[in-house]
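Comments concern the structure below.
All of the numbers you see were taken from the coordinates with simple rules; none came from a lab. None of these values were measured; they are calculated from a predicted model. Positions of Cβ are backbone-derived with ideal geometry, glycine not excepted, and every protein chain shown enters the neighbour counts.
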Amino acid sequence: MPSENDYQDLHRLRENIELAVLGKTEVVKQVIAALLAAEHILLEDVPGVGKTLIGKALACSIDGKFTRLQFTPDLLPSDITGSSVYNSGDGTFSFSEGPVFANVVLADEINRAPPRTQSALLEAMGEGQVSVDGETHRLPDPLLVIATQNPFEFEGTYLLPESQLDRFLFRISVGYPAIKHEVALLKSHRVGEPVDNLKPVLSLERIRQIQEATRSVHVDDSLVKYLLDIVHATRESEAVQVGVSTRGALAYYRAAQALAFVEDRDHVVPDDIKKAAIPVLAHRIVPRGLLPGADRTASEEVVRKVIANVVVPT
């Protein structure tokens, strides 16, 4: 079960990230929750609101390696995973690691690359490994992929396939900061980037220990049924043509555990399940008449109605 030291370390991690990421406490908590659940995040928002900053601040805080990969129409799968390089000296091939070999990987504007390249992330995100020329290469542990896309720009973009969307634990937005936080942000940049001054507060080994503790967060049987009632309601809704999969239900369960942990609890409460519903489930359903991921507003409204109609256990 989670210990007092675990809670204290998570507080230190969040506070350290917020030295650079101002006024976005809930977003930071969700990013940490995804890390604890050993899952990944899709950030949908306009450029310039701090998506890259969040990834860099997290990597700095856990003493991890950070890489940023700009997705473009001409990006190849090998540009993500790495490739075999010929050594002319001895006539052998050696594997050159791609940018996915990091602890925090920012896949910027993922919807600008064609599906073949997008799918190169699937094995890495799901299995923690890549296969190149018949050889399997393990990725660093922990691994958090933060993919971004601009929901208001569609020219020259490719919708993420349903199988790719299902690999992300959360789909969230950063949003614009409040004025008071933007004032503080401008002042903090007078002498450079605050994120460059961040020091690690946790080690990668400590993160792995806390990830293990996350799986022991208690979920009462009544709340397991409540969670599955919500999942099944998405499958039975007349407004939905594709409901949440079994893998989505498992992701939902893990998200509730991680959010409870981030809130200093060793057990899940109904509010954790409600809080996780939209960021976890909305991108996993397909409203009738729409393509996967085509209309965020419509899918989120469906999930809200489902939540409203499912009885909360007492």
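A few remarks follow.
- For the stretch 217-314, the relative contact order comes to 35 percent (Cα pairs under 8 Å, sequence separation of at least 6).
- LEU186, LEU121 arranged by Cβ crowding within 10 Å, fewest neighbours leading: LEU186, LEU121
- Cut-off 14 Å between beta-carbons: net charge of the residues surrounding HIS181, Lys and Arg +1, Asp and Glu -1: 0
- Dipole-positive endmost among ASN111, LEU160, LEU144 within the stretch 106-233 (Cβ charges, Cα centre): LEU144
- Local electrostatic count, ARG190, Cβ distance below 15 Å [Lys/Arg +1, Asp/Glu -1]: -2
- Gaussian network model of the chain, Cα within-10 Å springs - most flexible of ALA239, ALA256, ALA33: ALA239
- Pairwise centroid distance, computed over Cα atoms, of the stretch 216-267 with the stretch 77-155, Å: 30 Å
- Test item: Cα-centred dipole of the stretch 1-215, Lys/Arg +1 and Asp/Glu -1 on Cβ, debye: 700 debye
- Near THR136, once Lys and Arg are set to +1 and Asp and Glu to -1 for all other residues with Cβ below 14 Å from its Cβ, the sum equals -4.
- Net dipole in debye of the stretch 217-314 [+1 Lys, Arg Cβ; -1 Asp, Glu Cβ; about Cα centre; nearest 20]: 340 debye
- Residue (of GLY175, LEU76, SER203) at the positive-pole extreme of the chain, dipole from beta-carbon charges: GLY175
- Projecting the Cα atoms of SER245, ALA298, LEU43 onto the charge dipole of the chain, computed from C-beta unit charges around the Cα centre, puts ALA298 farthest toward the positive end.
- For GluC sites (Glu not before Pro), the sites in the stretch 224-314 that DSSP calls loop and that have at most 11 other Cβ atoms within 10 Å are GLU238.
- For the pair GLN129 and GLU26, label points projected 7 Å from Cα toward Cβ lie 4.0 nm apart.
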